[in-house]
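Remarks on the structure that follows.
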Amino acid sequence: MAEILRSIGIIARALDSIANIEFKQYDLTKGQYLYLVRIGENPGLIQEQLAEMVKVDRTTAARAVQKLEAKGLVTRLPDDNNKKIKRLFLSDQGKKVHPIIERENAYSNQIALESLTNTQSAELERLLHIVSQNIDKNWNYVKKGNQRHY
């Protein structure tokens, strides 16, 4: 059986480490850039949706959003129909940092795929999407309190 999860983990940790170092100058730490970019891509999403996107529990997402808000990068605005619901948006400062994070992501993708052909890159993306969907099913299953049987 292929040990792809080890390679995926190494890649993810290396890129996360690089991003944490490079984004330190913007006062972003411990993966906060990921929350910022998802909010920028999906303005108006709610915290629960954000937690689902980055595959963390609600408490972890809440802490990250709170820190980003304290740094002036994110704002919470009440929903038009339900004032209890707070929607997440990038602040003006967050909108300045967002394109920098996007450029870093594009560059990291370019570096990661530089020795692959376009066909190989497309196939890798297709296969990783399938792997991601498989893991997502398990993540949701365990998140709901179920036990996996291995």
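The values are calculated or read from the model by the stated rules, or taken from the named source; none is laboratory data. Bear in mind the structure is a predicted one, so any value in this text is a computation, not a measurement. Neighbour counts are summed over all protein chains in view; Cβ atoms, including those assigned to glycine, are modelled from backbone coordinates with ideal geometry. Just the protein is used for accessible areas: all its heavy atoms, side chains included, with ligands, DNA and RNA removed. Shrake-Rupley method; radii C 1.70, N 1.55, O 1.52, S 1.80 Å.
Looking at segment 104-150, which of the residues that are among the acidic types (D, E) and either surrounded by fewer than 10 Cβ atoms within 10 Å (Cβ to Cβ) or in contact with an Asp or Glu (Cβ under 7 Å, 6 or more places away or on another chain) (or both) is nearest to T59 (Cα to Cα)? Looking at residues that are among the acidic types (D, E) and either surrounded by fewer than 10 Cβ atoms within 10 Å (Cβ to Cβ) or in contact with an Asp or Glu (Cβ under 7 Å, 6 or more places away or on another chain) (or both), I get E104. If we keep just the residues of segment 1-17 that are out of contact with any helix residue (DSSP H, G or I) (no Cβ under 7 Å at 6 or more places or on another chain) and surrounded by 14 or more Cβ atoms within 10 Å (Cβ to Cβ), which is farthest from A112 (Cα to Cα)? By that ranking, first place goes to D16.
Only one entry in E114, E104 is modelled with pLDDT under 95, under 24 Å from R13 (Cβ atoms) and of a type outside the set (A, V, I, L, M, F, W, C), namely E104.
Scanning segment 84-103 for residues that are open to solvent by 60 Å² or more (accessible area, probe 1.4 Å) and of a type outside the set (D, E) returns K84, K86, R87, F89, Q93, K95, K96, R103. Do the conditions hold for G31, that is, is it in contact (Cβ under 8 Å) with a residue 40 or more places away in the chain, closer than 25 Å to L15 by Cβ, open to solvent by less than 50 Å² (accessible area, probe 1.4 Å) and of a type in the set (G, A, S)? For G31, the condition - in contact (Cβ under 8 Å) with a residue 40 or more places away in the chain, closer than 25 Å to L15 by Cβ, open to solvent by less than 50 Å² (accessible area, probe 1.4 Å) and of a type in the set (G, A, S) - is not met.
Taking V142 as the residue in question, decide whether it is in a helix (DSSP H, G or I) and in contact with a helix residue (DSSP H, G or I) (Cβ under 8 Å, 6 or more places away or on another chain). No; evaluated as a whole, the condition is false for this residue. Which of the residues spanning segment 55-74 are surrounded by 17 or more Cβ atoms within 10 Å (Cβ to Cβ) and either among the β-branched types (V, I, T) or within 13 Å of L28 (Cα to Cα) (or both)? V56, A64, V65, K67, L68, K71, L73, V74, listed by residue number. When R87 is tested against (1) in contact with a Gly (Cβ under 6 Å, 6 or more places away or on another chain); (2) in contact (Cβ under 8 Å) with a residue 60 or more places away in the chain; (3) of a type in the set (D, E, K, R), just one condition goes unmet, and that condition is (2).
Is it the case that V54 is hydrophobic (A, V, I, L, M, F, W, C), without any contact (Cβ under 8 Å) to a residue 60 or more places away in the chain and under 20 Å from S108 (Cβ atoms)? The answer is yes for V54.
Is it true that some residue in segment 45-59 is more than 30 Å from E3 (Cβ to Cβ) and among the hydroxyl-bearing types (S, T, Y)? The answer is yes; a qualifying residue exists.
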